[in-house]
1. Which residues, counting only those in region 60-83, are assigned to a loop (DSSP other than H, G, I, E, B) and within 8 Å of residue 97 (Cβ to Cβ)?
2. Report the residue count in region 36-47 for those that are within 23 Å of the chain's Cα centre (by Cα) and in a helix (DSSP H, G or I).
3. Of the residues in region 48-59, how many are surrounded by fewer than 13 Cβ atoms within 10 Å (Cβ to Cβ) and part of a strand (DSSP E or B)?
4. List the residue pairs whose Cβ atoms are under 6 Å apart, where the first residue sits in region 153-174 and is on the phi < 0 side of the Ramachandran plot and free of Cβ contacts under 8 Å to residues at least 60 places away in the same chain, the second is surrounded by 15 or more Cβ atoms within 10 Å (Cβ to Cβ) and assigned to a loop (DSSP other than H, G, I, E, B), and the two are 6 or more positions apart or on different chains.
5. Quick one: in region 84-106, which of the residues that are in a loop (DSSP other than H, G, I, E, B) and touching a strand residue (DSSP E or B) at 6+ places or on another chain (Cβ under 9 Å) is surrounded by the fewest Cβ atoms within 10 Å (Cβ to Cβ)?
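FYI, it's all coordinate maths here, none of it is from the lab. Small disclaimer: the values here were computed from a predicted structure and weren't measured. With ideal geometry, Cβ positions are generated from the backbone for all residues, glycine too; neighbour counts draw on all protein chains shown.
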């Protein structure tokens, strides 16, 4: 079942659409700046580990909702990440849209959701492929073989998840020893 709530990264790393028209003098007035500041919320996290310092700042706004062509958008987000490692600082800016209203998700919660999304991908897919399937040690590199094997590994992971295999490594060893179990699960025997 697909949840009606979404938080998605924009396809291209480009800023949200600008406001149509030219700024009027009233938009430059001090009260207009205060109004724009009320439309934005900000949250920042600091992480230190593995020899680097990471600072992530999320700014959410409701002012751009009418200018973004996305159904049900409630907030537009900008996440600026700065990572310092060995004295070198790298900055990255990413843009997101979400259907969560500000009453449900403030900037701190949205920052946790964005961070958690990548953690779920890294821990749920990449780590399993690297450790269980030893994908990084694979020496297959000709033609379409790497992509084909990656597709097979993803299919195997989907199969294991569908059959609620808690320990993927143990389930793979079990199927390796007795392939009949695998065929029985797939309904081929």
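1. Answer for region 60-83, where residues must be assigned to a loop (DSSP other than H, G, I, E, B) and within 8 Å of residue 97 (Cβ to Cβ): 68, 70, 73.
2. To start, the set of residues in region 36-47 that are within 23 Å of the chain's Cα centre (by Cα) comprises 40-47.
Applying the additional criterion that residues be in a helix (DSSP H, G or I) yields none.
Residues flagged as within 23 Å of the chain's Cα centre (by Cα) and in a helix (DSSP H, G or I) within region 36-47 amount to 0.
3. To start, the set of residues in region 48-59 that are surrounded by fewer than 13 Cβ atoms within 10 Å (Cβ to Cβ) comprises 48-51.
Now drop any that are not part of a strand (DSSP E or B), which leaves 48-49.
Counting residues in region 48-59 that are surrounded by fewer than 13 Cβ atoms within 10 Å (Cβ to Cβ) and part of a strand (DSSP E or B) gives 2.
4. Close Cβ pairs satisfying both conditions: 153/133; 168/132; 169/132; 171/165.
5. Taking region 84-106 and keeping what is in a loop (DSSP other than H, G, I, E, B), we get 86-87, 99-106.
Filter once more, so that each one left must be touching a strand residue (DSSP E or B) at 6+ places or on another chain (Cβ under 9 Å): 86, 99-102, 105-106.
Numbers: 86: 6, 99: 18, 100: 18, 101: 11, 102: 16, 105: 22, 106: 15.
Ranking the qualifying residues of region 84-106, first place goes to 86.
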